[in-house]
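Single-structure report; data block below.
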Amino acid sequence: MIKRLLIANRGEIAVRIINTAREMSIETVVIRNANEPDALYLSLADVVYENTGETDEIPVFLNIGRLIEIALETKSDALHPGYGFLAENAYFAQKCLDNKIIFIGPSPDAIYKMGNKTIARELAMKQGIPMAMGSQGNIGNEEEAAGVAQLIGYPVIIKAASGGGGRGMRIVRKPEEMEKMFLIASKEAEKAFNDPSVFIEKYIENPKHIEFQILGDTKGNIVHLGERECSIQRKHQKLLEEAPSSALDEDLRNEMGNMAVKIARTVGYYSAGTVEFLLDSERNFYFMEMNTRIQVEHPVTEMITGIDLIEQQIRVARGEALGFKQEDIKIKGWAIECRINAEDVQSGFAPDPGKIEKLILPSEPYVRTDTGVRAGSAIVSSYDSMIAKLIITGNDRKDAIRKCKLALDKVWIKGVKTTLPFFRMLVRNPKFINGTFTTAFIEKDLEKYYLNSEYEEMLAAWLTTSLFVDENLTEKSVSPDYENGREMSPWLLNKRINQF
């Protein structure tokens, strides 16, 4: 039995875990960190551990020894790592088990084997899972890298053997670039993951990024919950996700899903995990990697399957068998997730830390908001800049996009610059609407990152007026009328202004 759960994380994922744990009658313990002494998650948990004496050298969420001490001191039966930080650290998972703390996640062995992309490729290769051509193992130096690249043909991509998130990753298009890119990738990998090891793959031009959510238990049962479309990304960082993907039909979905389950079986996988693939223009797919944790984008899968992934993680950790089989998984509707971050879109998505002075999020029944902040919260440079995840559901993709436009126009955040202008533009882009975008969409197909109008000065004046109205007359925000993709004319703007 798990009666008390330590959450070794912060922000919206901490809030997310607290909500499910409360429904399961499990007490939650969270840690106050020096950078966010008044964070939202602290007010929601049953127990707040005061981590006195914390230094900036090793944040508590990265301090394995300290987290084990806190778990033991608070008499926590289990520990949930969330995502990021130590969520995919095999040593941390093993230390939890050594101290009789239930680690809510897969086995240390599975984390290690799937976390090392070189080992993961070898396992996938033995199982006959499709992969892009690449090196047999890690590459020792730039000369060896050049030899492999010449053998498989340019362009190639250098990848860190450990970690992910686009770090330690460089595309090489011609031989004269290899030495420079190899050294950059290796040094970046060492800095980010304390491991300079890299390997090389054939670079797939303009693919779609498709990932499959899997669930396994300790009894040997493994299922997949369908796919997520994650091709809207910038510098390998995902910005918007949706489920399912318009690129897959039922046959391809079954084939890729079966391969995802197959790779998970090679390491006796249990808990939630994600198997990632690239899909080329000829509908060939290639195994990329496996993430051995809950994903940021897990809500879109929850919304189309009705399955609470955090609840399933906890149940599996308690030794329970999955309560469903593959044939029981039914996909219903469509879901889109927009990651609203405190970033300056016009400055290349640069972080914009600061205090959130006002926060209004939509409350319509088709909108789910996962957030770790509130009005008055600070977005600090020490952590990621996420403000909220806006998850919109519809009967189908067209309906979900329509509702996404409405929901985005009802969000108002004051105090920091956000990625809202990008999303408002994106969901009105013809290529996004017809689903023909690839991972190269933002870099190659977008001329701008934000909405622009020939009546820009008039629009700015109207927005200023509406902000004044919001602050002085009403609690509801007034948004530009972009319904059906139409920008306002100055006459309509004047009509709106005169209403006030």
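The values are calculated or read from the model by the stated rules, or taken from the named source; none is laboratory data. Values in this document were obtained by computation on a predicted structure and should not be read as measured data. We place every Cβ from the backbone using ideal geometry, glycine too, and count neighbours over all the protein chains shown.
Miscellaneous remarks
- The one condition in (1) of a type in the set (A, V, I, L, M, F, W, C); (2) touching a Ser or Thr at 6+ places or on another chain (Cβ under 7 Å); (3) at pLDDT 95 or above that residue 412 fails to fulfil: (3)
- Some residue of segment 375-385 being assigned to a strand (DSSP E or B) and under 20 Å from residue 408 (Cβ atoms): yes
- Qualifying residue in segment 82-89 (condition: in contact with an Asp or Glu (Cβ under 6 Å, 6 or more places away or on another chain), assigned to a loop (DSSP other than H, G, I, E, B), surrounded by fewer than 22 Cβ atoms within 10 Å (Cβ to Cβ) and without any contact (Cβ under 8 Å) to a residue 60 or more places away in the chain): no
- Some residue of segment 392-399 being assigned by TED's automatic domain parsing to the domain that holds residue 242, assigned to a loop (DSSP other than H, G, I, E, B), in contact with a Gly (Cβ under 6 Å, 6 or more places away or on another chain) and not polar (S, T, N, Q): no
- Residue list for segment 90-114, restricted to those being touching a Phe, Trp or Tyr at 6+ places or on another chain (Cβ under 7 Å) and without any contact (Cβ under 8 Å) to a residue 60 or more places away in the chain: 90, 93, 96, 97
- Inside segment 264-289, residues that are closer than 22 Å to residue 115 by Cβ and part of a strand (DSSP E or B) make up a count of 13.
- Among residues of segment 6-31 that are farther than 19 Å from residue 373 by Cα, those with a beta-carbon under 6 Å from a residue that is in a strand (DSSP E or B) at least six positions away or on a different chain give the pairs 6/29; 6/79; 21/5; 21/28; 26/5; 27/4.
- Selection from segment 305-357 of residues that are out of contact with any strand residue (DSSP E or B) (no Cβ under 7 Å at 6 or more places or on another chain) and either over 26 Å from residue 20 (Cβ atoms) or modelled with pLDDT under 95 (or both): 345, 346, 347, 348
- Every residue from segment 107-132 that is over 17 Å from residue 199 (Cβ atoms) and either aromatic (Phe, Trp, Tyr) or in contact with a Ser or Thr (Cβ under 8 Å, 6 or more places away or on another chain) (or both): 110, 111, 127
- Within segment 173-181, the presence of at least one residue that is in contact with a strand residue (DSSP E or B) (Cβ under 6 Å, 6 or more places away or on another chain), over 14 Å from residue 134 (Cβ atoms) and not charged (D, E, K, R) is confirmed.
- Applying the criterion of at least 2 residues that are farther than 28 Å from residue 444 by Cβ, among the aliphatic types (A, V, I, L, M) and modelled with pLDDT of 95 or more to the strands (runs of 3 or more DSSP E) found wholly in segment 139-258 leaves 208-216, 222-234.
- Members of segment 16-71 that are small (Gly, Ala, Ser) and in contact with a Gly (Cβ under 9 Å, 6 or more places away or on another chain): 39
- One residue stands out in segment 165-217 among those that are farther than 14 Å from residue 289 by Cα and among the aromatic types (Phe, Trp, Tyr): the one that is surrounded by the fewest Cβ atoms within 10 Å (Cβ to Cβ), namely 193.
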